[in-house]
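Just so it is clear, none of the values below were taken in a lab; they were calculated from the coordinates. Everything numeric in this text was worked out from a predicted model, so none of it was measured.
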Amino acid sequence: MFANEIGFTIRNHAPLNVKKWKEVKPEDRTSLIKRITTKYDIDMSLSWVKRYVNKSFGTVFANFRYKLKKHFEQFSTKEEALENKHKDVKTEEEWAFLCTYFFSEDFQVRTRLFVYSFYFCYSCFSNTTLILLIISTFQFAF
């Protein structure tokens, strides 16, 4: 029940016009936490409870953003994606922010780096092969 409530709170009340959970304003985080603490008897003065709640909000936020990114990727252009707002996004402004962010070079680089770090950790690539892959993808001129 508690985890479901966090999911509901994030999907319906969290601001989506930020790049990541760490950028959500403290007053917005406090507002989200208040929504939970009015329904559940949670002692947020305990450091481990506060840490657990904040980590849970961050994880659910990231998972929700991933779902929105997958929706965005269904469309061949940014303009087409803008015309097809996900049903869980409250405003056109938030959807426009997300589309612009998902399409940005900053986000593309972060995504590629995540993929490469995954392969680096979980595959048999040698360091040299991985470095060559990164260089060729980012088209560095040496």
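In terms of its C-alpha gyration tensor, the range 2-103 has a prolate overall shape, because the principal axis ratio a/c (a ≥ b ≥ c, square roots of the eigenvalues) is not below 1.5 and a/b outweighs b/c. Using a cutoff of 8 angstrom between alpha carbon atoms and counting only pairs six or more residues apart, the relative contact order for the range 2-103 works out to 37 percent. Extension gain, E83 to S56: 0.36 nm times the residue separation minus the Cα-Cα distance gives 6.6 nm.
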